[in-house]
Ligand SMILES: [Ca+2]
Ligand SMILES: [Ca+2]
């Protein structure tokens, strides 16, 4: 043990410090020589670690607000974009709704105009039919002269081939219908079903007029289409099917064409050119 050289009574502070240092040195003396340096190193290490922790804490204090600012900025931008998107969607919805309402109004206007046009068309059609009817006059031997053609509505009933043969014997043939006006004229004259000059006798489903014109060539056809459509080549009554066309059926549908068994006996319509007429360039 060391002997104090400073009087403790005269210098009490120094005495305490010396006592503390003595205590440390005494403890170091008790420690194994190998552990003493480690202990000092450990003290040094602990001191450095604390310093580093403090430094990190300071860094965190400095850096955290920066990251917070960045995150806040990003969040602000995201919110701004979201708000912008919502505004754009709102405007788009308003514009689309406005367009939809406008289109609806236009549609109603067009529908109204279409109805007016249909009404006008019906009036014109009626006037035209009247005009055609007025222009058609009874000619000799029961033939009706109408716009360059002569028509004969036969009240006797024959099968399709015999009907055609009868017409041919009169210098005519079964009627060919090549326009809506002609169709309307014929419809206005009949009260029962009549044979017309249309058949698919040569090739099933390929309908040809007696003058060899096809339906594509004439450009018009008036097959029944309300309910079971015609032609249907129905084979219940005649197993060979239905290969001849008539205007009207037995149920009173006189405005349409039906295919029927050629063996049926029906009234028929003959047609031939009216050579005495001066009307040129008619569609009838
Ligand atoms: Ca047929
Ligand atoms: Ca039929």
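Computed quantities for the displayed model
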quantity	calculated
Distance in nm between pseudo-label sites at residue 119 and residue 276 (7 Å out along the Cβ direction from Cα)	4.4
Cα Rg, Dmax, the range 138-273, angstrom units	13.8, 42
Taking all pairs of distinct alpha-carbon atoms in the range 155-204, Kirkwood radius in angstrom	12.1
Per-peptide average of other Cβ atoms within 10 Å, ordering 141-153, 85-97 highest first	141-153, 85-97
Paired Rg and Dmax values of the range 201-279, which use every Cα atom, in angstrom	14.3, 48
Hull volume in cubic angstrom per residue (convex hull over the Cα atoms of the range 126-217)	120
Residues of the range 66-89 with amide N under 14 Å of a point placed 7 Å along Cα→Cβ from residue 99	89
q = 0.18, 0.26, 0.34 Å⁻¹, the range 220-259: log10 I(q)/I(0) [Debye, one scatterer per Cα]	-0.46, -0.91, -1.23
Kirkwood hydrodynamic radius of the range 74-135, Cα pairs, Å	16.1
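Coordinate-derived values only; no laboratory data. Keep in mind that this is a model prediction, so the values were computed, not measured. A quick note on method: Cβ atoms are made from the backbone with ideal geometry, for glycine too, and the neighbour counts reach across all protein chains shown.
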